[in-house]
1. Sorted from largest down, give the three principal axis spans of the alpha carbons of chain A, whole angstrom values.
2. Going by a 1.4 Å probe on protein heavy atoms, which residues of the range B:75-91 end up with at least 30 Å² less accessible surface in the whole assembly than in their chain alone?
3. Heavy atoms only, probe 1.4 angstrom, no DNA, RNA or ligands counted: give me A:THR94, A:THR22, B:THR128 ranked by accessible area, highest first.
4. Send over the per residue convex hull volume for the range B:63-155, Cα only, as a whole number of Å³.
5. What does the charge add up to near A:THR58, with Lys and Arg as +1, Asp and Glu as -1, over the other residues with Cβ less than 15 Å from its Cβ?
6. Quick one: with all protein chains in place, what share of the accessible area of the range B:47-154 is carbon or sulfur, to the nearest percent (1.4 Å probe)?
7. At 1.4 Å probe size, with the rest of the protein present, what percent of the exposed accessible area of chain A is carbon and sulfur atoms?
8. Hey, can you list the residues from the range A:97-121 whose accessible area shrinks by 20 Å² or more with all protein chains present, relative to the chain by itself (probe 1.4 Å, no ligands or nucleic acids)?
Amino acid sequence: MVTQVTNFGRNGVSNWLIQRFTSVVMLAYFLCVACFFVCNDNISYELFNAYFSSTPMTIFSTAALLAIIAHAWIGLWAVSTDYLTTRMMGNKGTVLRLLFQTAYSSVLFIYLVWGLKILWG
Amino acid sequence: MTAWIRITITCRQLNERPAIGHQISHKSKAVKDNRPVNLDLTTIRLPVTALTSILHRVSGVAVFVGLALIIYLFDQASASEDSFIAIKECIEGSFLTRIALWTVVSALLFHIVMGVKHLIADLGFGETLESGKRASTIALAVAVVVILLAGVWIW
């Protein structure tokens, strides 16, 4: 049996809601950024910097960064608890799952701090 | 999680193979935890709805890995004018960098298209077997088109 203790939200409904909310935030951000890259040909550093370092865009980028961390945590947790289990992997399942969960949570933490440093540093 | 519920429902409705067990049982505390479960992808026949579901997962993991490249590129592009020009030349001048970028962008686009399908399904569209199959087929077609367009745009 896999317990919920390593998950992001406290229960499935809260995870579902976080997953949907973050996906809408990221979708909006993606469309804004994609528009910027597609609409502007041969982007210069000045234009790139003016667009991304404006305060509204920095806040939007931070929101998207936080959203992707939560979204990825919930998604990878679902993958790990479906495949890296004693049922699928035998006795090593629990160890593999905890190692995988440690790995992705560490990577997500690095993404978070790295991203914040770029955006606000 | 909802994706796997859908697969279970789809497989059962199609009656393509006898139900070996409940895939979702271990997620719920309210049911017995010792029910048989089948998540073995090599023995599950994949209708289009299940194919898009598992590819949605695979693309999600790929985006997680590819995010390192995205953040690195953003870091280099915003650090200084010199590093911006250097990274631009790196993308424009190297075939490998373009392939890497296209791979990550493709995974992201695929995941977004499938995610939008999920959001639409949450609004109550594409929930029956027939409309679900149609939604999956349309989403696959849309994903292929936007991935090809992204390839054209990158090159």
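1. Here the spans come out as 56, 25, 24 Å, largest first.
2. Buried on complex formation: B:ASP75, B:SER78, B:GLU81, B:PHE84, B:LYS88.
3. Details: A:THR94 55, A:THR22 10, B:THR128 85 Å².
Ranking A:THR94, A:THR22, B:THR128 by accessible area, largest first, yields B:THR128, A:THR94, A:THR22.
4. On the way: hull volume 9.5 nm³, N = 93.
Output value, Cα hull per residue: 102 Å³.
5. Within the 15 Å Cβ shell, the charges total 0.
6. Values: 4150 of 5510 Å².
Carbon plus sulfur share of accessible area: 75 percent.
7. Exposed carbon and sulfur together represent 74 percent of the surface.
8. Residues passing the criterion (a loss of at least 20 Å², heavy atoms only) are A:TYR111, A:TRP114, A:ILE118.
The values are calculated or read from the model by the stated rules, or taken from the named source; none is laboratory data. Fair warning: this is a prediction, and the values are worked out from it, not measured in the lab. Virtual Cβ from ideal backbone geometry, glycine too; neighbours counted across all protein chains shown. SASA here: full protein model, heavy atoms, side chains in, ligands and nucleic acids out. Shrake-Rupley method; radii C 1.70, N 1.55, O 1.52, S 1.80 Å.
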